[in-house]
Amino acid sequence: MSYFGNIDKIQFEGKGSDNPFAFKHYNPDEVVLGKKMSEHLRFAVAYWHTFTGDGSDPFGAGTAVRAWDHLSPMDKAKARVEANFEFLEKIGVPYYCFHDRDIAPEGETLQETNKNLDVIVDLLEQGMKSSGAKLLWNTANMFTNPRFTHGAGTAPNADVYAYAAAQVKKGLEVGKRLGAENYVFWGGREGYETLLNTDLGLELDNLARLYHMAIAYAKEIGFDAQFLIEPKPKEPSKHQYDFDAATTISFLQKYDLQNHFKLNLEANHATLAGHTFEHEIRVAGINNMLGSLDANQGDLLLGWDTDEFPTDLYATTLTMYEVLRAGGIGRGGVNFDAKVRRGSFEVEDLFLAHIAGMDSFAWGLKAAGKMIEDNFFEGILENRYRSFSEGIGAEVLAGKATLQSLEAYALQNNPIKNESGRQERIKLKLSEYIFSV
Ligand code: XLS
Ligand code: CA
Ligand code: CA
């Protein structure tokens, strides 16, 4: 059965095309800085937003019109598997991502839940074999079910902690079976509401213990996916432990986990943390922690996680600039953790939204590639920090300077001459690059 029968495979038609169901910028085989666009971007579709989501919000029921709406939970899950592979093929995206609870309904017991999961994982395995689609990452949803109301790996209740561990164990087995390239931990309920009932130290220690157990088990079963933690500062918890890239990196270092994890960074989560996405990517990059990206955008007028499809070219350009500077996305990818708006309820909107996101990222990649090729911004950096390549600056970098030697230098170096940062000129240049491709 076809779920998107009226839509043909989306093709690249180039800038001149006015066909809304075609790419104007995403040309998978086009080479940017010596590598194909498809290899730079490694796009993925998020199962939860595209196939499980129904457009409901806290004020109203779902609006999405889908061919599987009338089916029973298990049949719905099976239909979504077929829809997933048809969608990936037609949109030309090689990867997908899911939470365990997106793909199969929960049963009455953990046994039953795992059985449901196994039925669907069988179908996914077959579908991946016949279509060539790949799993960028999977994860365990340890935030929707009421049992996780106080947390999962940071729960105050050891029974809940054990349940979470069982779910992670199963998630790793599923990931191994489907050849997932990454495994994600997002701590939806790993945080707290008030310190008056929270043992912060114990909760963080326990979370680290769970991660160490996951590393040990993955090794035992031979699952060699890259492990990722996804920072987010708030929502659903008031304060989430993995607040942002810097906080998460220091957590990993404290618990000797830094060599086993990288970060899955999300644009909208960066915004919620009061950062730009490029800031988060740079922080990860300089710490060798850039793992993968959840591509979306928030709304600066709203303080919550709107998960819109990314269409802001300044943001996609700066994102790809940071990715290229960091040496690429490696085993990660660009996963559209984005949902169509509630008013965009037709299946056509799923295609139009992904085309918008893919074209915006391809556009950003082309602009960023040109920026790097021209060496304009890198040249500015080199010039701006040139005082560290000779004289007293070089001594600082070589670790030879002391407070005494720097004082002696400062005492005879008068006046100090600073130079303009030329920020306005630089920002206009960025616009010129974006509009030149
Ligand atoms: C929620 C998160 C979540 C993770 C995976 O805000 O973005 O969907 O990406 O659990
Ligand atoms: Ca995400
Ligand atoms: Ca989000």
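Net charge within 12 Å of Trp304 by Cβ-Cβ distance, Lys/Arg positive one each and Asp/Glu negative one each, not counting Trp304 itself?
In short, -4.
What relative contact order, as a whole-number percentage, does the chain give when Cα pairs under 8 Å and 6 or more residues apart are counted?
Relative contact order comes out at 15 percent.
So what's the Cα pair-distance distribution over segment 243-400, bin width 5 Å, in %?
Values per bin, smallest distances first: 2, 9, 15, 17, 17, 14, 12, 7, 4, 2, 1, 1, 0.
Give the calculated FRET efficiency between Glu424 and Leu178 to the nearest 0.05, with a Förster radius of 41 Å applied to their Cβ-Cβ distance.
0.25
Mind checking which of Leu430, Thr271, Leu172 is farthest towards the positive end of the chain's charge dipole, using Cβ charges of +1 (Lys, Arg) and -1 (Asp, Glu) about the Cα centre?
Leu430
What does the accessible area per residue of the chain come to in Å², with a 1.4 Å probe and no ligands, DNA or RNA counted?
48 Å²
Gap in Å between the Cα centre of segment 91-165 and the Cα centre of segment 272-289?
With segment 272-289 and segment 91-165 each reduced to a Cα centre, they are spaced 28 Å.
Percent of Cα-Cα pairs more than 28 Å apart in segment 120-267, please.
Of all Cα-Cα pairs in segment 120-267, 18 percent lie more than 28 Å apart.
Using +1 at the Cβ of each Lys and Arg and -1 at the Cβ of each Asp and Glu in segment 336-419, identify which of Phe351, Ala394, Ser405 lies farthest towards the dipole's positive end.
Farthest towards the positive end: Ser405.
Could you list, in their original order, any pairs among Lys15/Lys129; Lys24/Lys339; Lys254/Lys417 whose Cα atoms are separated by more than 32 Å?
Where the Cα-Cα span goes over 32 Å, the pairs concerned are Lys15/Lys129; Lys254/Lys417.
Need one word for the chain: rounded, prolate or oblate. Basis is the Cα gyration tensor (sqrt eigenvalues a ≥ b ≥ c); a/c below 1.5 gives rounded, then a/b vs b/c decides.
oblate
Carbon-plus-sulfur fraction of the accessible area of the chain, 1.4 Å probe, in percent?
53 percent
Nearest 20 debye, what's the magnitude of the dipole of the chain about its Cα centre given +1 on Lys and Arg Cβ and -1 on Asp and Glu Cβ?
Once rounded to the nearest 20, the dipole reads 760 debye.
Could you work out how far the C-alpha centroid of segment 225-239 sits from that of segment 11-62, in angstrom?
24 Å
Counting only other residues whose beta carbon sits under 15 Å from that of Asn27, what net charge do I get with K and R as +1, D and E as -1?
Combined, the nearby Lys, Arg, Asp and Glu give +1.
Assuming R0 = 25 Å, can you tell me the calculated FRET efficiency for the pair Ser131 and Glu39, based on Cβ-Cβ distance, to the nearest 0.05?
Result of the calculation: an efficiency of 0.85.
What does the extension gain come out to for Thr402 and His260, with contour length at 0.36 nm per residue minus their alpha carbon separation?
Extra length available between Thr402 and His260 comes to 47.5 nm.
Based on the Cβ-Cβ distance from Asn375 to Asp57, what FRET efficiency comes out when R0 is 51 Å, to the nearest 0.05?
E between Asn375 and Asp57, to the nearest 0.05, is 0.65.
Classify segment 191-289 as rounded, prolate or oblate from the Cα gyration tensor: take a ≥ b ≥ c as the square roots of its eigenvalues, call it rounded if a/c is under 1.5, otherwise prolate when a/b beats b/c and oblate if not.
Cα axes put segment 191-289 in the oblate bin.
Show me the ranking of peptides 255-263, 220-228 by mean Cβ neighbours inside 10 Å, starting with the highest.
Ranking the peptides 255-263, 220-228 by packing returns 255-263, 220-228.
The values are calculated or read from the model by the stated rules, or taken from the named source; none is laboratory data. As the structure is a computational prediction, the values presented were derived from the model and not from experiment. Cβ: placed from backbone, ideal geometry, glycine included. Neighbour counts: every protein chain shown. What goes into the accessible areas is simple: the full protein's heavy atoms, side chains included, and nothing from ligands, DNA or RNA. Shrake-Rupley method; radii C 1.70, N 1.55, O 1.52, S 1.80 Å.
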